[in-house]
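To start, the structure itself, in structure tokens.
The values are calculated or read from the model by the stated rules, or taken from the named source; none is laboratory data. Being a predicted model, the structure only gives us computed values, none of them experimental. Here the Cβ positions follow ideal geometry from the backbone for every residue, glycine too, while neighbour counts run over all protein chains shown.
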């Protein structure tokens with residue numbers, strides 16, 4: 001009997017699924033992700049008539065920017081990456097320079113945002129998100145991702161694709177809280193998507209929360225924005241949504 005058990009143990013590495021190079025799922029704790037943020041500028045432009053049509057035709061249909069997400073365990077840093085393709089409009093859309101640091105062990109998040117030429121440091125607890133899982137999957141940057149949806153800011157529908165091979169429960173902007181890392185995200189109301197173009201494994205650069213700007217929390221920032229541009233129609237509402245992501 002002992003001889004049979006010994007032979008069986010010797011054969012284990014050769015059995016399917018038990019070897020070192022079988023293509024089995026690997027669980028990764030740290031890395032760097034590049035996201036391409038794609039924003040349909042023409043759909044965002046309000047206006048009708050010949051003049052509005054001429055403006056729409058003069059601008060590129062999409063504005064593309066890049067962001068990097070560094071993650072290690074339950075800490076992450078999201079910040080602007082390499083320059084996007086030109087030509088770009090001179091106007092910088094809200095959220096283009098966002099820096100977001102999250103510490104999920106502490107339940108805290110710090111975001112640096114540019115608002116009408118001023119810098120704001122948003123410091124608060126992590127946003128509580130209620131995700132609904134769906135059976136759909138897709139491959140993004142070489143990882144199989146699962147689809148989930150949620151609603152933020154009462155009316156903003158968000159679609160996310162996360163992979164459970166990357167264990168950090170983080171994602172672009174202030175999104176996260178899923179059983180894995182978000183590699184794809186779409187906000188239809190804002191005509192904007194974030195999709196990972198590449199993932200580099202291993203410990204990222206040192207991460208620290210941003211420190212520049214006047215300090216506010218979510219409630220204070222929402223009140224300030226609503227008071228100043230809340231009555232600017234649909235454009236003002238979308239501007240606030242972008243800044244509160």
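Observations, loosely collected:
- Within segment 211-222, tally of residues that are surrounded by fewer than 13 Cβ atoms within 10 Å (Cβ to Cβ) and closer than 21 Å to residue 175 by Cα: 4
- For residue 121, the requirement of being touching a strand residue (DSSP E or B) at 6+ places or on another chain (Cβ under 7 Å), touching a residue at least 24 places away in the same chain (Cβ under 8 Å) and not in a strand (DSSP E or B) is not met.
- Residue that is part of a strand (DSSP E or B), in contact with a helix residue (DSSP H, G or I) (Cβ under 8 Å, 6 or more places away or on another chain) and more than 22 Å from residue 97 (Cα to Cα), where the choices are 161, 157: 157
- In this entry, residue 181 is excluded by the filter for residues that are under 25 Å from residue 36 (Cβ atoms), without any contact (Cβ under 8 Å) to a residue 24 or more places away in the chain, touching a strand residue (DSSP E or B) at 6+ places or on another chain (Cβ under 7 Å) and surrounded by 19 or more Cβ atoms within 10 Å (Cβ to Cβ).
- Residue count for segment 214-224 under the criterion of being touching a helix residue (DSSP H, G or I) at 6+ places or on another chain (Cβ under 8 Å) and either part of a loop (DSSP other than H, G, I, E, B) or free of Cβ contacts under 8 Å to residues at least 24 places away in the same chain (or both): the result is 1.
- Residue within segment 184-196 that is surrounded by fewer than 19 Cβ atoms within 10 Å (Cβ to Cβ), without any contact (Cβ under 8 Å) to a residue 60 or more places away in the chain and out of contact with any strand residue (DSSP E or B) (no Cβ under 8 Å at 6 or more places or on another chain) present: no
- Number of the exception - residue 157 against (1) at pLDDT below 95; (2) surrounded by fewer than 19 Cβ atoms within 10 Å (Cβ to Cβ); (3) under 20 Å from residue 94 (Cα atoms): (1)
- Against the numbered list (1) in a strand (DSSP E or B); (2) touching a residue at least 24 places away in the same chain (Cβ under 8 Å), residue 133 comes up short only at (2).
- Restricting the first member to segment 84-113 and to residues that are farther than 21 Å from residue 244 by Cβ, and the second to residues that are at pLDDT below 95 and crowded, with 16+ Cβ neighbours inside 10 Å, the beta-carbon pairs closer than 6 Å and six or more apart or on different chains are 84/65.
- Of the candidates 172, 94, the single residue that is touching a helix residue (DSSP H, G or I) at 6+ places or on another chain (Cβ under 7 Å) and either at pLDDT below 95 or not in a strand (DSSP E or B) (or both) is 94.
- Within segment 232-245, considering residues that are closer than 16 Å to residue 116 by Cβ and over 22 Å from the mean Cα position of the chain (by Cα), the one surrounded by the most Cβ atoms within 10 Å (Cβ to Cβ): 236
- Selection within segment 39-74 - part of a strand (DSSP E or B) and either over 14 Å from the mean Cα position of the chain (by Cα) or at pLDDT below 95 (or both): 39, 40, 62, 63, 64, 65, 72
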